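Worksheet: one structure, shown below.
FYI, it's all coordinate maths here, none of it is from the lab. Just so we're clear, the structure is a prediction, and the values are computed from it rather than from any experiment. Cβ: placed from backbone, ideal geometry, glycine included. Neighbour counts: every protein chain shown.
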Amino acid sequence: MGVLPDTIYYPFCGLVGPKYCDCKAGEGAFREWCRSAAVCHALQEKRRVEIKRAMEFSQIPKHWWKKTMLSFEGQEEIKLAVNRYLDCFQKMQEAGCGMYLWSEGSGRGKTHLLSAVCQEIIRRYAVSCIFMTEEHIFRKIRESFDDPGIGEEARIRQFLTIPCLFIDDFGATKTTAWKNEMMTAILDYRLNHALPTFFTSNFSLPSYESSLQSSSVARPGRITSRIYEMCRGFILEVKGEDFRRKLATPL
Ligand SMILES: Nc1ncnc2c1ncn2[C@@H]1O[C@H](COP(=O)(O)OP(=O)(O)OP(=O)(O)O)[C@@H](O)[C@H]1O
Ligand SMILES: [Mg+2]
C-alpha cells in the first residue's frame, strides 16, 4: 500500500503522520494523506496563526483589523483603483510602487482604506508590513536615542528595510529640521531599494510642500519629489463626507 509502519513529523503542516515508501503506491498514498481533512485543517490553522502573527507584527491597531475593503461603503472610483493595485501587487512591489491617499477633510476613510490595503497584502501575499502613524514612527526613533549603543542607521533600520511601510497621518506632526531629515532618509532609502511605501495625509502633495516651505525647512521639495515617484499612478484623493459625523447622527 506504500505506507510504512513508522511515523514522521511533517513541518509543512505541523502534523505527525505515517511514513510513506518511495514507490509509486507510496507517492499516491502520501498525496491522498495531503488531501485528508486533518491535513487541510492543520494547513488552515497554520495559515491563520501566521496571518495573526503578521498582523500583530505590523502593529495595525486592533480597532482597524475589522476595517476591510468589503466594509468600505461607496466611493466606487477609489475602491476600483485600490483593488486594481491589490490585484497586481506583485508587479507593484517589484517596481517599488506604493500609494498616497489624501483628503483635506477628516473622517473620509483614508486610514480605513489604507489599513485594508495593509491587511490584504498580509493575507493575500504574505508580505511583512509595518503600519504606524508618522507621530509613532518619530516617537520610536526618538526612544532609540535612550540606547547610546545604537548607530544612526540602526535607529531607523526597521523603517528602511521593511518590505511595505504604511505611514498613517503623514505630515500631521509639527515639522522640524530633524524630522525632515529622518523622513527624507527613510524615503530616500526605500525609493532606491524599490520598497513600497504607503501614506495617508490631510495634505495634497503640493500643499504639503508649501507647508514645508513656510516652516523654512531646507529644500522642501526633496520629500514630495520622492513621493511623486514612489506612488506614481496611485496618488489618490479620498472624497466623500465625514463618516464620523454620519455615524454620530441618530438613526
Ligand atoms: N466609506 C466608508 N465606509 C465605511 N466606513 C467608513 C467610510 N469612511 C469612513 N469610515 C469609517 O469612519 C471612521 C473614520 O474614518 P477614517 O479614520 O478612515 O478617516 P480618515 O480620513 O483617516 O480621517 P482623519 O483625516 O481624521 O485621519 C472609521 O471608523 C471608518 O471605518
Ligand atoms: Mg486617518
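Values computed for the structure shown
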quantity: Relative contact order of the stretch 122-251, pairs being alpha-carbon contacts under 8 Å that are 6 or more residues apart, as %; calculated: 23 percent
quantity: Gyration tensor verdict on the stretch 137-231 (Cα atoms; rounded if a/c is under 1.5, prolate if a/b is larger than b/c, oblate otherwise); calculated: oblate
quantity: Peptides ranked, highest mean first, by Cβ atoms within 10 Å: ranges 67-77, 205-215; calculated: 205-215, 67-77
quantity: For HIS112, HIS136, HIS41, order by how many other beta-carbon atoms lie within 10 Å, fewest first; calculated: HIS41, HIS136, HIS112
quantity: ³J(HN,Hα) computed for each position of the stretch 131-136 - Karplus, 6.51 cos²θ - 1.76 cosθ + 1.60, integer Hz, glycine/proline x; calculated: 10, 8, 6, 4, 4, 5
quantity: 18 Å Cα-Cα reach of LYS179 towards aspartates and glutamates, excluding residues that sit fewer than 8 places from it in its own chain; calculated: GLU134, GLU135, GLU143, ASP146, GLU152, GLU153, ASP168, ASP169, ASP188, GLU209
quantity: Label-to-label distance, nm, for residues given as ARG84 and HIS193 (7 Å Cα→Cβ offset); calculated: 3.0 nm
quantity: Percent RCO, i.e. relative contact order, over the chain, from Cα pairs under 8 Å lying at least 6 residues apart; calculated: 23 percent
quantity: Protection-proxy order for peptides 114-125, 154-165, each taking the mean of Cβ atoms within 10 Å per residue, highest first; calculated: 114-125, 154-165
quantity: Ellipsoid semi-axes in whole angstrom, largest first, where each is sqrt(5λ) of the Cα gyration tensor of the stretch 20-74; calculated: 39, 14, 8
quantity: The stretch 1-77 - percent relative contact order, Cα under 8 Å, separation 6 or more; calculated: 22 percent
quantity: ASP147/LYS91 FRET efficiency (R0 35 Å; Cβ-Cβ; nearest 0.05); calculated: 0.35
quantity: Karplus-derived 3J(HN,Hα), 6.51/-1.76/1.60, for each residue of the stretch 71-88, Hz, glycine and proline x; calculated: 8, 8, 8, x, 6, 4, 4, 6, 5, 4, 5, 5, 5, 4, 4, 5, 5, 10
quantity: Residues of the stretch 234-251 with amide N under 20 Å of a point placed 7 Å along Cα→Cβ from GLU73; calculated: 238-251
quantity: Degrees separating the helix 205-214 axis from the principal Cα axis of the chain, which is the longest one; calculated: 50 degrees
quantity: Cα-Cα over 18 Å, subset of LYS110/LYS174; LYS140/LYS174; LYS66/LYS91; calculated: LYS110/LYS174; LYS66/LYS91
quantity: Mean-position separation - Cα centroids, the stretch 83-128 and the stretch 140-197, in angstrom; calculated: 19 Å
quantity: Fewest-first ranking of LYS19, LYS62, LYS79, using other Cβ atoms within 10 Å as the exposure measure; calculated: LYS62, LYS19, LYS79
quantity: Charged-residue dipole, Cβ positions (Lys, Arg, Asp, Glu), the stretch 54-248 about Cα centre, Debye nearest 20; calculated: 280 debye
quantity: Calculated FRET value between LYS24 and GLU56, using beta carbons and R₀ = 45 Å, to 0.05; calculated: 0.55
quantity: Sum of -39500 (n - 2.57) over DSSP H runs of 4+, divided by residues of the chain (222 nm, nearest 500); calculated: -16000 deg cm²/dmol
quantity: Computed over the chain, Cα set: Rg, Dmax in Å; calculated: 22.9, 79
quantity: Residue (of ILE122, LEU247, MET69) at the positive-pole extreme of the chain, dipole from beta-carbon charges; calculated: LEU247
quantity: Calculated FRET efficiency for the pair ARG48/TRP178, C-beta based, R₀ 35 Å, to 0.05; calculated: 0.25
quantity: Dipole of the stretch 19-65 [Lys/Arg +1, Asp/Glu -1 at C-beta], most positive-end residue of GLY28, ALA42, GLN59; calculated: GLN59
quantity: For PHE198, residues with placed amide H under 5 Å, excluding near neighbours; calculated: MET99, LEU165, PHE166, ILE167
quantity: Simple spin-label estimate for VAL16 and ARG219 in nanometres, 7 Å along Cα-Cβ; calculated: 6.2 nm
